[in-house]
Every structure is written in C-alpha cells, then in structure tokens.
Amino acid sequence: QLQASGGGLVQAGGSLRLSCAASGSIDSITFMGWYRQAPGKQREAVAFIVSGGTTNYADSVKGRFTISRDNAKNTMYLQMNSLKPEDTAAYYCNADIISGRRSTNYWGQGTQVTVSS
C-alpha cells in the first residue's frame, strides 16, 4: 500500500528527495509521516502532514527538511537539504488510509539515506 523511494548516498551538505506513494483502494488519507531509524537506535519521527495541510517537524530537521503531499497522486514527499552525517538512517513512511468506513495504518518499506562527511 505504501512504496517509498528516493534514498541514496550523498555528501554532507547535499540534498535528496524521498517519495512515498500510496496505492490500492483509497478514499482519503488523513495522516502521512516520515520516520527514520539509525543502526542501534530507536525509530524516531521526522515530519508529518495531515489532510488539512498542517505540518510538524522534529527539531533536528527544522529548517532543512520540507514535507509535502500531492493529494491527486496520493503521494508524499520529503525534501531534505543541508544533509548531515547524523541524518543517515533508514527512512520509513507511514499513513492512515481511509477505505470505505475503515481507517488502516500502513508502513512502507524503508529507503536508506547515507550521508558521508
């Protein structure tokens, strides 16, 4: 239901854009978010966007990352600028998808982001 893409290897100071596409039977998506997990660390929230367009960011990425969504394409993006080595992690997308009268939470597979110093 969720397909994440766009990860890769980039030098510090560089940029990447992640995408997360939702597919299947979708009436609406009320929440979409990005999380990340570095080796040996717990998964942490990076940014999220709700259906009204409100966004929220972790303090560590404010001013560098921008989350957005294209409702027509059921796709969410994470523009990551000024990347730092500490941004290195597997990035996962998450969404609450409404189909019929049912809301289901989905996770996408991780996409690896590696920032070299």
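Below are the figures for this structure:
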| read-out | value |
| --- | --- |
| Residue check for Ser28: in contact (Cβ under 8 Å) with a residue 60 or more places away in the chain and within 14 Å of Thr111 (Cα to Cα) | no |
| Residue ID - farthest from the chain's Cα centre (by Cα), chosen from residues in the stretch 64-95 that are under 26 Å from Gly40 (Cα atoms) and small (Gly, Ala, Ser) | Ser82 |
| Residue check for Gly110: open to solvent by less than 60 Å² (accessible area, probe 1.4 Å), over 16 Å from Gly6 (Cβ atoms) and at pLDDT below 95 | no |
| Residue satisfying condition, being within 18 Å of Leu2 (Cα to Cα) and without any contact (Cβ under 8 Å) to a residue 40 or more places away in the chain, within set Arg102, Arg36, Arg64 | Arg102 |
| Where Thr54 falls short, out of the listed (1) more than 20 Å from Trp107 (Cα to Cα); (2) touching a strand residue (DSSP E or B) at 6+ places or on another chain (Cβ under 7 Å); (3) β-branched (Val, Ile, Thr) | (2) |
| Residues that are in contact with a Phe, Trp or Tyr (Cβ under 8 Å, 6 or more places away or on another chain) and open to solvent by 10 Å² or more (accessible area, probe 1.4 Å), drawn from the stretch 68-93 | Ser68, Arg69, Asp70, Gln79, Asn81, Tyr92 |
| Matching residues in the stretch 69-89 - criterion: being out of contact with any helix residue (DSSP H, G or I) (no Cβ under 8 Å at 6 or more places or on another chain) and in contact (Cβ under 8 Å) with a residue 60 or more places away in the chain | Tyr77, Leu78, Gln79, Asn81, Ser82, Leu83, Lys84, Pro85 |
| Residue among Val61, Val46 that alone is closer than 18 Å to Gln109 by Cβ, of a type outside the set (Ser, Thr, Tyr) and open to solvent by less than 40 Å² (accessible area, probe 1.4 Å) | Val46 |
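The values are calculated or read from the model by the stated rules, or taken from the named source; none is laboratory data. As the structure is a computational prediction, the values presented were derived from the model and not from experiment. Reconstructed Cβ throughout: ideal geometry from the backbone, glycine too, with neighbour counts over all protein chains shown. Just so you know, the surface numbers come from the protein's heavy atoms only, side chains and all, with ligands and any DNA or RNA stripped out. Shrake-Rupley method; radii C 1.70, N 1.55, O 1.52, S 1.80 Å.
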